[in-house]
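Following: one structure in structure tokens, then a few remarks.
The values are calculated or read from the model by the stated rules, or taken from the named source; none is laboratory data. The model shown is predicted, which means the values in this text are computed figures rather than measured ones. Positions of Cβ are generated from backbone atoms using ideal geometry, with glycine treated the same way; all protein chains shown enter the neighbour counts.
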Amino acid sequence: MEAGLVKQGGGRVGHVRKVGYVKEDMSMKRKPYRRFKNPSVFRVPRALQKLFVSCRETFKGPDTFISPQEIQRLCNILDNIKAEDVGLSLDLQFFNPDNILKENPRVTCTTMYQCNNFSLCIFFIPANGVIPLHNHPGMTVFSKLLIGKMHKKSYDLVEPDVSHNLSHRPSQLRLAKIKANNVYTAPCDTSVLYPNKGGNIHEFTAITPCAVLDVIGPPYSKEDGRDCTYYRDHPFTTFSTTDGEIAEGKEGKDSYGWLEEIEVPENSEMDWIEYMGPPITETTF
């Protein structure tokens, strides 16, 4: 049975505005798949089907332990997945480096597969587009940059909470350790974030048009307490503290920052498109 899209917009961050394919040429500048492509004509790439089977074996529901061996197995599979395995190529108009949307560079997303235990999503980020700083409560997330060049910044909250030591404390402010603050260019290794570590709070900024494959387990679910929280980050030195020992270790203050919870930002809204790459099948072969 073809799995395809089980739940529209399931891999979203923020608010997804569903859009269809329109016949004007302007739409082609935004859509990362070729028009009139029929997923049923694809033969399922071995790497993509292997990823699906491994996800089904690994993700057993919320609060389940994922072993280091299972983490490494998924990373090995994702490291070998290429853009063409999901129906993408550099010659598509979306990935043309001259195709820069200077106004409102909205992110587009598509859900390849979703069930209660995990989802497979692709995020298409135009040049200068941003997926703002957000968290992944109770989730393990694998991210593979398929095409493009992007900046990634990620944090982990410091436990226990030391924000009560601030002499001037804005509401909802937390100390966080910077886990990544780097530029990545495809092809590169898969990154992994965990429910409470590994950069659970992260932000993507596209330098060139990008495609990012995310494996999320379990998916976002407001009903199950896995809703998305957004943050604004501040340099560590922005706020004074009554505790002189905070972040004074050998890593120094530059390894830390303050995260402030914010309302849903405008640039978190995404467009949703139908997945038009090779279909995933639930029947293994």
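General observations
- Gly61 falls short on exactly one of the conditions (1) in contact with a Pro (Cβ under 7 Å, 6 or more places away or on another chain); (2) modelled with pLDDT of 85 or more; (3) surrounded by fewer than 20 Cβ atoms within 10 Å (Cβ to Cβ); (4) more than 24 Å from Thr281 (Cα to Cα), and that condition is (4).
Residues are listed down the side, and each one gets a yes or a no for (1) within 26 Å of Glu266 (Cα to Cα); (2) among the small types (Gly, Ala, Ser); (3) touching a residue at least 60 places away in the same chain (Cβ under 8 Å):
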{"site": "Cys115", "(1), (2), (3)": "no, no, yes"}
{"site": "Phe123", "(1), (2), (3)": "yes, no, yes"}
{"site": "Val141", "(1), (2), (3)": "yes, no, yes"}
{"site": "Asn182", "(1), (2), (3)": "yes, no, no"}
{"site": "Glu223", "(1), (2), (3)": "yes, no, no"}
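- Those residues of region 173-232 which are within 17 Å of Phe142 (Cα to Cα) and of a type in the set (Phe, Trp, Tyr), in sequence order: Tyr184, Tyr194, Phe204, Tyr220
- Qualifying residue in region 255-273 (condition: modelled with pLDDT of 90 or more, more than 26 Å from Gly138 (Cβ to Cβ) and surrounded by 16 or more Cβ atoms within 10 Å (Cβ to Cβ)): yes
- Any chance Pro132 is within 24 Å of Asn181 (Cα to Cα) and part of a loop (DSSP other than H, G, I, E, B): no
- Check on Ile178, buried (at least 22 other Cβ atoms within 10 Å of the Cβ) and at pLDDT 90 or above: no
- Those residues of region 190-240 which are farther than 19 Å from Leu78 by Cα, part of a strand (DSSP E or B), among the hydrophobic types (A, V, I, L, M, F, W, C) and touching a Gly at 6+ places or on another chain (Cβ under 6 Å), in sequence order: Ala206
- Answer residue from region 70-95, given it is assigned to a loop (DSSP other than H, G, I, E, B) and of a type outside the set (Ser, Thr, Tyr) and is surrounded by the fewest Cβ atoms within 10 Å (Cβ to Cβ) among those: Asp91
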